[in-house]
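The next block holds one structure in the form of structure tokens; read it before the comments.
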Amino acid sequence: MIEVLRERNFRRLFGAQIVALVGTGLTTVALALLAYDLAGSQAGAVLGTALAIKMVVYVLLAPVSAALVPAERRKTVLIALDLVRFGVALALPFVDAVWQVYLLIAVLQSASACFTPLFQSVIPQILTEERDYTRALSLSRLAYDLESLLSPAIAAALLTAITYHGLFVGTSVGFLFSALLVLTATFPVAVTTTAGGGPYARAVRGMRIYLRTPRLRGLLMLNLCAAAGGAMVFVNTVVIVRTLLAGGEREVAWLLAAFGIGSMSVALLLPRWLERIPDRRVMLTAALSMTAGLVAGTVYWWMTDGRPAWIPVAALWFVLGMSYAGLITPGGRLLRRSGSEADLPFLFAAQFSLSHVCWLIAYPLAGYVGATFGIGTALAALMALSVISVICAALFWKSGDPDVLEHRHDDLPPDHPHLKGSHGAQHRHRFMIDELHERWPD
């Protein structure tokens, strides 16, 4: 897997991703503890609102950012966005009211909403071989897991010497180093997009390709399944530890780390699995595992009458983490199969935006249902969401799913360049949605 790090530019961009995510992970822990200080047992509702704001910003800004930023300006914009995040992180330790949390989170996540799809769209242009790109996806998944494993572990160690306010400083340092590493990387030569029109038309283009491609509609439902399990962990861990398990700040970090350990254990194995097992089978198996975990958690909560023990909760978080990695990691492979190189920035932006619609559903569900009706009811609601998403994913993304499809072009004249070498209007080639292929063939 680490062979792809020999590529200088990917190595530097991967390093930028790691240091930024370690900082973000420290903020995740610190924000949960800050919410508990400000709202007590209602911390889940506060976190649910803060994370819902994050999702709204991601949904609205991600596709527009990819369409607005020219390919030749991506490096400059990425550095500027890191510096914005650096400044916001420095302001978070001075927060003393819930509304201030919401405001700063909106600014911070606006920068992240623009940063992430631009960053993701560069990687497949640097690593053009499918084998290398698959390994880069797994490494990227491991980097994201630093947010739920290494960062909480670092936070737990730091909290023995400092208050959680000091963790925000670690976030700011991460964003600053990320900007420096992006500065030293060489970006690929810009590819001229085939999409015409203004920024809105280009943003809609990515959405149209995504929603008209069956495998990507299935991916969207699998993102909803991942959000169901992830929201339970990210929103309610602090409430479970502080109010039900009588733990402290370090225990919050360690329980989040259990989720990360599960995720990393699967991410390390995925490159070999994906060489032998189709993406669909891997991802649907992970979805069934996520659903089974939420079912088991719901039953356990009701059997114990809402009085959980440490080991079963940690085991459940570990299983949810394993399932989460299996659901999220292969997604980039599906995007790459489904669009041309010129359309990849718009397609990644569409994935980023639409996947966060799923989180916009799951975060308030986990936060407000948990705060109002209890953790057991929140588990049951997220379990139902997971069941629905798995069924829809299997229906949208049917087995087989070949890249090359036979189809007809009755709307094109016989001498059209696209039909060169074909016998009549019917022919076969690698199929993806574009100007000449507006609908998926039956």
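Taking the stated definitions as given, is Tyr102 at pLDDT 80 or above and in a helix (DSSP H, G or I)? Walk me through how you get there before you give the answer.
Values: at pLDDT 80 or above: yes; in a helix (DSSP H, G or I): yes.
Yes; evaluated as a whole, the condition is true for this residue.
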**Message:** Where the second residue is among the charged types (D, E, K, R) and surrounded by 18 or more Cβ atoms within 10 Å (Cβ to Cβ) and the first is more than 19 Å from Asp305 (Cα to Cα) and lies in segment 362-379, which pairs have Cβ atoms under 9 Å and are six or more apart or on separate chains?
**Reply:** Tyr363/Lys54
**Prompt:** Any residue at all in segment 190-200 that is farther than 30 Å from Ile311 by Cα, part of a helix (DSSP H, G or I) and modelled with pLDDT under 85?
**Reply:** yes
**Residue within segment 48-56 that is within 26 Å of Ala257 (Cβ to Cβ), part of a helix (DSSP H, G or I), polar (S, T, N, Q) and at pLDDT 75 or above present** = yes
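This table checks each residue for (1) farther than 18 Å from Trp302 by Cα; (2) among the hydroxyl-bearing types (Ser, Thr, Tyr).
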residue	(1), (2)
Phe346	yes, no
Ala350	yes, no
Cys358	yes, no
Gly374	no, no
Ala381	no, no
Leu385	yes, no
Ser389	yes, yes
Lys398	yes, no
**Item:** Some residue of segment 164-173 being at pLDDT 85 or above, under 30 Å from Leu90 (Cα atoms) and part of a helix (DSSP H, G or I)
**Value:** no
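Results for (1) of a type in the set (Gly, Ala, Ser); (2) over 23 Å from Trp359 (Cα atoms); (3) in contact (Cβ under 8 Å) with a residue 40 or more places away in the chain; (4) buried (at least 23 other Cβ atoms within 10 Å of the Cβ), shown as yes or no for each residue.
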site: Leu274; (1), (2), (3), (4): no, yes, yes, no
site: Asp279; (1), (2), (3), (4): no, no, yes, no
site: Val295; (1), (2), (3), (4): no, no, yes, no
site: Thr304; (1), (2), (3), (4): no, yes, no, no
site: Ala314; (1), (2), (3), (4): yes, no, yes, no
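Just to be sure, is Ala325 within 30 Å of Pro188 (Cβ to Cβ), aliphatic (A, V, I, L, M) and assigned to a helix (DSSP H, G or I)?
Values: within 30 Å of Pro188 (Cβ to Cβ): yes; aliphatic (A, V, I, L, M): yes; assigned to a helix (DSSP H, G or I): yes.
When the stated conditions are applied, Ala325 passes them.
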**Prompt:** Looking at this structure, is Phe318 touching a helix residue (DSSP H, G or I) at 6+ places or on another chain (Cβ under 7 Å), modelled with pLDDT under 90, of a type in the set (Phe, Trp, Tyr) and buried (at least 17 other Cβ atoms within 10 Å of the Cβ)?
**Reply:** no
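The values are calculated or read from the model by the stated rules, or taken from the named source; none is laboratory data. Note that the structure is a prediction, hence the values are computed from the model and not measured. Neighbour counts run over all protein chains shown; Cβ positions are idealised from the backbone, glycine included.
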